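Structure, as structure tokens:
The values are calculated or read from the model by the stated rules, or taken from the named source; none is laboratory data. Small disclaimer: the values here were computed from a predicted structure and weren't measured. When we count neighbours, we look across all protein chains shown, and the Cβ atoms used for this are built from the backbone with ideal geometry, even at glycine.
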């Protein structure tokens with residue numbers, strides 16, 4: 001196995017999931033994928049392990065792999081936990097933030113704003129991916145400013161889960177992604193404003209409002225029901 005072969009398998013399978021050529025809950029047969037990709041089974045196996053780590057693929061006790069199939073309850077519960085942790089991070093960060101930190105956070109939003117506007121205008125998946133990257137960097141920076149390493153690690157893991165959920169439901173016919181062309185950047189600016197004023201309570205509320213806005217933008221009519229059975 002070469003690293004290049006593993007990367008090819010990883011990129012092709014991940015792209016197929018993102019573009020929904022491989023649907024939620026679909027079984028990922030190692031031999032079949034290897035044949036379609038013209039690769040041996042070993043790089044495909046390693047690629048699926050990477051996708052499992054990222055949260056896109058899950059394994060059953062007997063080792064069978066399939067694309068994740070999150071339910072509405074799972075998504076809402078994930079966001080509920082994330083909201084509580086990020087509220088705490090924002091409150092703690094408000095006590096630790098420096099003027100230099102505020103300048104850096106504002107720079108992040110300035111970089112995020114045109115990317116967000118471009119996604120709203122175009123709906124292009126590659127633009128959305130860049131936006132997710134910038135958005136996560138912003139949230140992780142606040143988590144780091146909390147000064148709590150355990151809290152940071154927990155938020156990092158939840159951000160990864162939430163990114164997967166957003167990616168699976170990011171097309172216009174599936175998701176009304178914050179209809180205001182500046183919703184997310186403005187919400188980030190409100191968080192920064194509270195942080196710069198050392199307003200812990202305000203930072204908590206601004207963070208909660210921001211995450212609720214993201215959750216409200218998801219179209220749960222396209223999430224498979226809790227009693228869905230994958231064959």
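Summary of values
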| quantity | calculated |
| --- | --- |
| Set 105, 92, 28: member being more than 30 Å from residue 202 (Cβ to Cβ) and surrounded by 15 or more Cβ atoms within 10 Å (Cβ to Cβ) | 28 |
| Subset of the range 45-56 that is in contact with a helix residue (DSSP H, G or I) (Cβ under 8 Å, 6 or more places away or on another chain) and without any contact (Cβ under 8 Å) to a residue 40 or more places away in the chain - its residue that is farthest from residue 168 (Cα to Cα) | 45 |
| From the options 67, 8, residue that is more than 27 Å from residue 154 (Cα to Cα) and either in contact (Cβ under 8 Å) with a residue 12 or more places away in the chain or surrounded by fewer than 18 Cβ atoms within 10 Å (Cβ to Cβ) (or both) | 8 |
| Enumeration of residues in the range 41-64 that are surrounded by 14 or more Cβ atoms within 10 Å (Cβ to Cβ) and more than 20 Å from the chain's Cα centre (by Cα) | 41, 42, 43, 44, 45, 46 |
| Residue within the range 148-166 that is crowded, with 17+ Cβ neighbours inside 10 Å, at pLDDT below 95 and in contact with a strand residue (DSSP E or B) (Cβ under 8 Å, 6 or more places away or on another chain) present | yes |
| Condition met for residue 145 (modelled with pLDDT of 95 or more, buried (at least 19 other Cβ atoms within 10 Å of the Cβ) and closer than 22 Å to residue 196 by Cβ) | yes |
| Criterion: modelled with pLDDT under 95 and either outside the structural domain of residue 188 (by TED's automatic domain parsing) or over 30 Å from residue 218 (Cα atoms) (or both) - qualifying residue of 76, 23 | 23 |
